[in-house]
1. Any idea what the relative contact order of the chain is, in percent, if you count C-alpha pairs under 8 Å spaced at least 6 apart?
2. Could you check the spin-label model distance between GLN61 and HIS31? Points 7 Å from the Cα along Cα→Cβ, value in nm.
3. For HIS54 and HIS23, FRET efficiency with R0 = 30 Å and r from the beta-carbon atoms, rounded to 0.05?
4. Please compute the net charge surrounding HIS67, taking Lys and Arg as +1 and Asp and Glu as -1 over other residues with Cβ under 11 Å from its Cβ.
5. From the helices alone, meaning DSSP H stretches of at least four residues, give me the mean residue ellipticity at 222 nm for the chain, per-run term -39500 (n - 2.57), in deg cm²/dmol to the nearest 500.
6. Give a residue-ordered list of calculated ³J(HN,Hα) values for the range 53-70 (Karplus: 6.51 cos²θ - 1.76 cosθ + 1.60, θ = phi - 60°; whole Hz; x for Gly, Pro).
7. Mind ranking 17-30, 41-54 by how tightly packed they are, going by the mean number of other C-beta atoms within 10 angstrom, highest first?
8. Computing the accessible area with a 1.4 Å probe over protein heavy atoms, can you report the carbon and sulfur percentage for the chain?
Amino acid sequence: MKKEEPLALRSGARVGSLAELAHAIEQMNEHFFALHANDHHNDFAGWLRTHHEHHLADEVQHVYNRHECL
């Protein structure tokens, strides 16, 4: 993932801001959330790091439930 690049979600949507990410996670079902955040990788944390949100990325790195992520 390149620096400052939008996050491409498995649903086909792309998010480019924290507000868009929060809205996408809020609307996402658990299956799609688990495709992005599981014990192998966390796309949300990686994207947050590329946007210099290191503290927030650390908080969601090991969150595997969308309700806990919000």
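The values are calculated or read from the model by the stated rules, or taken from the named source; none is laboratory data. Here the structure is a predicted model, which is why all the values come from computation and not from measurement. Neighbour counts run over all protein chains shown; Cβ positions are idealised from the backbone, glycine included. Remember, those area values only see protein heavy atoms, side chains included, never the ligands or the DNA or RNA. Shrake-Rupley method; radii C 1.70, N 1.55, O 1.52, S 1.80 Å.
1. On the way: 70 pairs, mean separation 21.8, N = 70.
Once normalised by length, the contact order is 31 percent.
2. If labels sit at GLN61 and HIS31, their model points lie 3.1 nm apart.
3. Numbers: r = 22 Å, r/R0 = 0.73.
About 0.85, to the nearest 0.05.
4. Summing Lys/Arg as +1 and Asp/Glu as -1 gives -2.
5. -13000 deg cm²/dmol, from helical runs alone.
6. Each residue of the range 53-70 in turn: 9, 5, 5, 5, 4, 4, 5, 9, 3, 10, 9, 10, 9, 5, 5, 6, 6, 7 Hz.
7. Sorting 17-30, 41-54 by mean packing, highest first, produces 41-54, 17-30.
8. Result for the chain: 52 percent of the exposed heavy-atom area is carbon or sulfur.
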